[in-house]
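The values are calculated or read from the model by the stated rules, or taken from the named source; none is laboratory data. Here the structure is a predicted model, which means the values were calculated and not measured. Note that we place each Cβ from the backbone using ideal geometry, even for glycine, and neighbour counts take in every protein chain shown.
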Amino acid sequence: MLRTLKELFGALTPSSAQSSAADTEHTLQLATAVMLIEVMRADIRFADRERRAVIDALRRSFALADDEVERLIELATQAAREATDWYEFTSHINAHFDMPAKVRMVEYMWRVAYADGHLSEHERHVMWRLSDLLHVPHGAYINAKIRAQQASGQGDAASA
């Protein structure tokens, strides 16, 4: 089961280098969920379709029960509100995800952005900034965007 937000944040700090594999997995889940929530929060309106896209991405990324996904979303929403920057999350992801996993994550974030049928400039900026912090090459970023765009039915690759 997922722990409290304080325990998960504690595992993100450098002093917890001796943390267990389970702690590492939980903090990676939280960091991933925060990135997805940040894309959802970039839009003025929270559409239910965006929330479903976050849930789908978390289910595809981690083997979690429905109640664990809901708890993770609660924790990630709180963490996103309280965070002063994204570095603590992106640095953890960079340390534990290889490039294909980070590109998949960027595609999931694009799917969240496209879920409501509209891509705002703020969403576009958040996506660019998060992808940059994850050190995803521009070509991979654009390809992930195109795949997400096509999956959403908004497949105009010319606007990529």
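At-a-glance table
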item: Scope region 17-33; condition without any contact (Cβ under 8 Å) to a residue 40 or more places away in the chain and either in a helix (DSSP H, G or I) or buried (at least 22 other Cβ atoms within 10 Å of the Cβ) (or both); matching residues; result: A21, A22, D23, E25, H26
item: Identity of the residue in region 63-93, more than 23 Å from D132 (Cα to Cα) and touching a residue at least 24 places away in the same chain (Cβ under 8 Å), that ends up surrounded by the fewest Cβ atoms within 10 Å (Cβ to Cβ); result: Q78
item: Count of region 34-51 residues which are in a helix (DSSP H, G or I) and either acidic (D, E) or under 16 Å from E107 (Cβ atoms) (or both); result: 7
item: Subset of region 107-132 (residues that are farther than 23 Å from D48 by Cβ and either surrounded by 22 or more Cβ atoms within 10 Å (Cβ to Cβ) or basic (K, R) (or both)); result: R129, S131
item: Residues within region 12-31 that are of a type in the set (S, T, N, Q) and modelled with pLDDT under 75, tallied; result: 5
item: Single residue of V103, V136 found to be among the hydrophobic types (A, V, I, L, M, F, W, C) and not in a helix (DSSP H, G or I); result: V136
item: Filtered residues of region 144-160 (kept if part of a helix (DSSP H, G or I) and either over 22 Å from the mean Cα position of the chain (by Cα) or at pLDDT below 55 (or both)); result: A157, A158, S159
